[in-house]
Structure formats: C-alpha cells, structure tokens
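Contents: one structure, followed by commentary.
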Amino acid sequence: MNCDGKMSFGAFVFPLNPYLLRITHSRTVTEAKTLYGAAAVSDMGGTVRRISGEGEFCGTDCIRQFAELQKLFENGGSDILYLPSQPPMLAVFESLTMTGRDIEGVIQYRFSFVEMPQPYRSRALTRKTADGSCCLWDYAYESGLSIETLRRLNPDIMRPDQPVPAGRSVYFC
C-alpha cells in the first residue's frame, strides 16, 4: 500500500517516482463510408487507460531493486496501481524493459500497465473496522464510492492518504 505520493504496484513501492509518466485515455471511434462518399462516425465509448513511463533505480542496490520489480512482473496478475495525484486503479503489469545500465549505479527502465475494468461493486457495505493497513483511497476503490464521499462520511479522518488506525470505523453511508 502506498500513502506517501510515491508510485506503487501491489506491495512494491518505487523508490523514485518515474521521471516520465504517460496516462493514455482513448475512445473507440469507427468510421463508415456512406452513399456518395460521405462518412458516418460512431463513438463506441471509452477504453481502459494505459499507463507507461520511464524511470531509474539508483544506488549500490539498483540491480536488486530492478530484480524485485522484474519478479513482480513475472508473477503476473492484477493488483492496485497507485500513481502520484491519481486515484488508485486495478491494473495489470504489461511490460518491463531495462533500457540502460550505468556504471555509476543507475539502471534505467521502461514500463507499462493496463487498467482493468472495474466490476460493479455493491454499496451494501455501511461500515468497516479498519485493520491499519488501508487508507481512505483504498476504501474508496473497494467500495466504488468517490474519495469526496468517503471524506464527507468520515470527517474525523484528516488524511485520506494515511492508513486508518486499526480498530477505527470507516463509514460508507
């Protein structure tokens, strides 16, 4: 879990945020030719987001840092992706490339993630007792509620990016 503005995927927190981050939103648009050469355009809706970027691992343990990220990639599956200034999302780690190795203790890399479509989430949950490992952003993702709604329902929780102390109630309605 990440609550300090650093990019993370699952349990892996990137020591340095990537220096290049792309979040691509797109739509499926089709074009059909009609009689006399005219065209008709149809907007079929939005697609999932694609997140890509470039970064580097620095220091004497940069090889270990890259190997840890590579192992996470090889394990596959989806997990929660946290990006700076973005709500968390369920994503799949699509690609990882080591792009350069510097003799000064720097490994450069590229990555890409694909957002997983969010299934319908039941809003029947009214209250949950925190276990101390999740912040309000995590609960927003879990419940399908906006962070603004959760902040309004839980005004005593001052920092939505900090773990909610264990034993404290989080309200969903």
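Here are some notes:
- For segment 1-43, the fraction of C-alpha pairs farther apart than 12 angstrom is 73 percent.
- The reciprocal of the average 1/r between distinct C-alpha atoms defines the Kirkwood hydrodynamic radius, which for the chain equals 18.5 Å.
- As a rough guide to protection, the peptides 27-35, 65-73 ranked by mean Cβ packing within 10 Å, highest first, stand as 65-73, 27-35.
- Note on E74/T34: beta-carbon distance plugged into 1/(1 + (r/R0)^6) with R0 of 35 Å gives a FRET efficiency of 0.10.
- Each residue of segment 48-64 was assigned a 3J(HN,Hα) from its phi angle through the Karplus expression (A = 6.51, B = -1.76, C = 1.60, θ = phi - 60°), giving 5, 6, 10, 10, 9, x, 9, x, 8, 9, 10, x, 5, 10, 4, 5, 5 Hz with x at Gly and Pro.
- Taking a straight Cα-Cα cut-off under 18 Å and skipping sequence neighbours fewer than 8 places away in the same chain, the aspartates and glutamates within cross-link reach of K33 are D43.
- Here the dipole of the chain is about 580 debye; that uses its Cα centre as origin and unit charges on the Cβ of Lys and Arg (positive) and Asp and Glu (negative).
- Across all directions, the average flat footprint of the convex hull enclosing the Cα atoms of segment 1-85 is 8.2 nm².
- When the trypsin sites (Lys or Arg not before Pro) in segment 73-173 are filtered for DSSP coil states and for at most 15 other beta-carbon atoms within 10 Å of their beta-carbon, the remaining sites are R121, R123, R168.
- Each Lys and Arg Cβ is given +1 and each Asp and Glu Cβ -1; about its Cα centre, segment 1-86 then shows a dipole of about 280 debye.
- Segment 30-123: equivalent-ellipsoid semi-axes (sqrt of 5 x gyration tensor eigenvalues, Cα, Å): 38, 20, 11
- Heavy-atom accessible area per residue - the chain, 1.4 Å, Å²: 59 Å²
- A simple spin-label model places pseudo-atoms 7 Å from Cα toward Cβ; at D43 and R110 they are separated by 3.1 nm.
The values are calculated or read from the model by the stated rules, or taken from the named source; none is laboratory data. Because the structure is predicted, anything quoted here is derived from the model rather than measured. When we count neighbours, we look across all protein chains shown, and the Cβ atoms used for this are built from the backbone with ideal geometry, even at glycine. The area values use the complete protein model at the heavy-atom level, side chains included, leaving out ligands, DNA and RNA. Shrake-Rupley method; radii C 1.70, N 1.55, O 1.52, S 1.80 Å.
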